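What follows draws every value from the coordinates through simple rules; no lab data is involved. Predicted model, so just to flag it, every value in this text is computed and none were measured. Glycine also receives a Cβ, built like all others from the backbone with ideal geometry; neighbour counts cover every protein chain displayed.
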Amino acid sequence: MSQRSGEPSGDGPVGAGLSSPGAASAVPTRSALRNDCPQPDGSQPAGSGSFHSMWRELLPIGRHADSHGYRRFAWSGADGECREWFREQAEGRGLVYEVDRNGNQWAWLGDPEAGDAVVTGSHLDSVPDGGAFDGPLGVVSSFAALDELRGRGAEFGRPLAVVNFGDEEGARFGLACVGSRLTSGQLTVENARKLTDGDGISLPRAMEAAGYDPDAIGADPERLARIGAFVELHVEQGRALDLSGDRVGIASAIWPHGRWRFDFRGEANHAGTTRLVDRRDPMLSYAETVLAARREAELAGAVATFGKIAVEPNGVNAIPSLVRGWLDSRAAGQASLDQVVGGIEKAAREYAAAHGVDLDVVRESFTPVVEFDHALRDELARILGKDTDLTVPVLGTGAGHDAGILAGSIPTAMLFVRNPTGVSHSPAEFAAEDDCVAGVLALADVLEGLACR
Ligand SMILES: [Zn+2]
C-alpha cells in the first residue's frame, strides 16, 4: 500500500471545488459501487469535490506528531476544534445549527420540528491514536451527500439533518456512545454524572470546561420522535468488502458481544525453591484458557480475545497468587456466542481443577444482538441496486455504533465503506479516495430515495 493514514493521495479529482447548485453529476452513481465502474468523463459529482476539501480541513486536527494517530477525546481541545469545524460546515451551507441537551451537534435542512426527518451522520471523536476514518468519514460524507443532492437539484420532501454524536468512542470516560445513550435514555443522568476520566475529571466538569451545560443532559424522546430514519455511514472495521470486491455494503446487525472476567486463584510462592509438582500456578490455567478461547472461536466462526490481564503479586521471581484475565467475545448470533463462552469457561474449569486453582467467572457487560430495521435495510438495498443488476452486500459487524444505540428507538441503518487494511482504531485504518466518493454517492442516493420527492 502506497498510501497511509488518510493522506490525500494526489490522484483524486483535480480542480473539483465546492459544490455549486445545478452542477449535475456526470459519474454513474450506482455503478460506482463496484471496482469495475466506468471511468468518469472528467467532470466530478458535487459531493466528490466538497468531500475532498472537507477531508483536508479535518485531517490535521488532533493528529499526534509522533504516532500519526488521532487523539480527539470527548470535550478536549481537539474535540472542540472538530466541533467548531462542524458548526462552520452547517452555517456555511445555510443549515439550521443546533446543539442538543447532550452536546450532540445537528445541522438541519428544512424544519427541525416538522417530524419524519431523515438523519445521517456519525461521530468526530477518536480512540487513543485512532485512524482518520472511524467517525469522520460518516460526518464528512453526510455533508458531501447533501452537497451532491443540491448539485442534482433534488427537491426535499422531508427534513434532513446531519448529526455529530458526542463521545462515541468512550476513550476518555470508559463508556462508548455517551451522546446517543443519553439521548435514547439508555444511560441515566445519575450514571452519566458518575463517569470520570483518568485524571479524575467528571463528565459534567469536562462538559462545563468545554462550554456546555451539564445540567441539561438527559433523555430526549421528543427529538427522537421527530426522526423517521437514521442512516450512519462508517468505514468498515474488517475486510469483508475487500474480500467481496465491493466498495460499499449495508449493515445487517451488530453482533451480540460481552466482557467476562476470569479470576484464577492459586498460591503465591518462591519461583526458585518451589518444586513444580508442589505449585498451584494460576498462570498455567490462564495460558491454557487463552488457547481454548482461540479454539472455541474458530469452531464457532466467532471471535474471542483475552486482551487484558492483571497478575498478583506480579513479581518476576514469584509464582502468582492471582491471574485475572478479561475475555471479550462476539459472534453473529446469541447461540454461537453462548457456545463460545460456555466452551471457554468449561475448559478453564477443567484446567483450573487440574492445577488445584480456584476459578470465578463474572460477566461484566453484555450487549445483545442489534438487528437494524429490516424495512429500512431492504429500502437501502433497493435504492442502491436500482438500475443495476448488482446486489449490494449485506454484512454483520462486531463493532458498536451510535446507530446500534438508536436502533432501539427509531428505524436505523448503516452503510459501510471498504477498508482494504481491515484495520481500525489505528493509524493503519484506511479507505481509498474512490471508495470514499462511492460512499458519498451511495449515501446521496439513499438520502434522495428516502427524503426527496
Ligand atoms: Zn465509529
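Remarks
- For segment 313-326, Karplus couplings with θ = phi - 60° (6.51, -1.76, 1.60), whole Hz, Gly/Pro x: x, 6, x, 5, 10, 10, 5, x, 8, 9, 10, 10, x, 9
- From phi via Karplus (6.51, -1.76, 1.60), per-residue ³J(HN,Hα) for segment 80-94 in Hz, x at Gly/Pro: x, 5, 5, 5, 5, 4, 4, 4, 4, 4, 5, 5, x, 9, x
- Of the chymotrypsin sites (Phe, Trp or Tyr not before Pro) found in segment 98-204, no site is in coil according to DSSP while having at most 13 other Cβ atoms within 10 Å of its Cβ.
- In this structure the amide hydrogen of T412, modeled in the peptide plane, comes within under 5 Å of the amide hydrogens of F230, D373, none closer than 5 places in sequence on its chain.
- Going by neighbour counts of Cβ atoms within 10 Å, the residues S180, S53 line up, fewest first, as S53, S180.
- Cut-off under 5 Å, modelled amide H: who pairs with L233 long-range: G121, L415
- On the basis of the beta-carbon distance and an R0 of 60 Å, R56 and V277 show a calculated FRET efficiency of 0.40.
- Mean separation of Cα contacts under 8 Å, 6 or more apart, over the residue count of the chain: relative contact order %: 22 percent
- Classification of segment 372-421 by its C-alpha gyration tensor yields an oblate form. The axis ratio a/c (a ≥ b ≥ c) is 1.5 or more, and b/c is at least a/b.
- Label point 7 Å beyond Cα of I201 along Cβ direction - residues of segment 116-131 with amide nitrogen under 16 Å: 125-126, 128
- For segment 159-169, 3J(HN,Hα) per residue [Karplus equation, 6.51 cos²θ - 1.76 cosθ + 1.60, θ = phi - 60°, Hz, x = Gly/Pro]: x, 10, 9, 9, 10, 10, 7, x, 6, 6, 7
- Summarising the strand pairing of the chain, around 75 percent of its internal DSSP beta bridges are antiparallel.
- Cα centroid of segment 378-416 to Cα centroid of segment 55-84, whole Å: 28 Å
- Principal-axis tilt of helix 46-58 within the chain, Cα atoms, nearest 10 degrees: 50 degrees
- Principal semi-axes in Å for the chain [√(5λ), Cα gyration tensor, largest first]: 43, 24, 21
- Centroid-to-centroid separation of segment 97-163 and segment 259-318 [C-alpha atoms, Å]: 46 Å
- Amide H contacts of C452: G157, each under 5 Å away and 5 or more positions distant or on a separate chain (H built 1.01 Å from N in the peptide plane; Pro and chain starts excluded).
- Counted charge near A332, where neighbours are those whose Cβ lies closer than 15 Å (Asp, Glu -1; Lys, Arg +1): -3
- The C-alpha atoms of the chain define a longest principal axis, and helix 282-300 lies at about 40 degrees to it.
- Fully extended contour minus Cα-Cα distance, from A353 to E371, at 0.36 nm per residue: 2.5 nm
- Shown is the FRET efficiency for K386 and N317, computed with R0 = 45 Å from the Cβ-Cβ distance and rounded to the nearest 0.05: 0.05.
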